[in-house]
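Input: a single structure, listed below in structure tokens.
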Amino acid sequence: ALLVFVAVRLGPQLGALLGVGADPDEAPGYDLVTLSGDTVRSADLSGRVVVVNFWATWCPPCRLEMPSLQKLHERRAGDGVVVLGFSTDVGGDEGVRAFLRERGITYPVGKATAEHQRAFGGIQGIPTTFVLDRQGRVRHRVVGYFASPAMNAAVSRLLDEGPPATP
């Protein structure tokens, strides 16, 4: 039983670290209205590696991985990496805004809707992080804390694959 638990929890991390896993999932379509009022459309992110993170302010593992997501945003945005936060918090936006300000989080964040969750095949726990390739396909899905070395390796590998081929 312990081996099964470890495999389920660590398998996605190792897959992201080593670049192995299931075949890419279909590209989810979504529009995220950020807390600043901007709209980020999946269709506009073609050619970029996108890290989508479902999280909540009350979630301890979410709080632990946010600095890694922020560093990824700061270091790799110029390389074509986009980090998006989908807050699952219930209630008004001001508590989420204050939380982000206190922690210096500057990547785009909006409120997750049921439609967003469906687009990504359902969210069984938080944090849940998806790494999408330049074609918008889900290449990695990690439920729970996503270790920074595995996240960075997955993103770097997808960047190294180069831009999508043009017809």
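Quick look at the numbers
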item: Spread of Cα-to-Cα distances over 10 Å intervals beginning at zero, given as percent, for segment 69-130; result: 19, 47, 32, 2
item: Rounded accessible area per residue of segment 105-167, 1.4 Å, Å²; result: 45
item: Charge sum, other residues only, whose C-beta stays under 15 Å from Pro60's C-beta, Lys/Arg counted +1 and Asp/Glu -1; result: 0
item: Between segment 118-167 and segment 45-60, the alpha-carbon center distance in angstrom; result: 9
item: Antiparallel bridge percentage (DSSP; both residues within segment 75-167; nearest 5); result: 60
item: Segment Glu161-Glu94, length gained on full extension (0.36 nm per residue, minus Cα span); result: 20.2 nm
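The values are calculated or read from the model by the stated rules, or taken from the named source; none is laboratory data. Bear in mind the structure is a predicted one, so any value in this text is a computation, not a measurement. Cβ coordinates were reconstructed from backbone atoms using ideal geometry, including for glycine residues, and neighbour counts include every protein chain displayed. Protein only, heavy atoms only, side chains kept; ligands, DNA and RNA dropped before computing areas. Shrake-Rupley method; radii C 1.70, N 1.55, O 1.52, S 1.80 Å.
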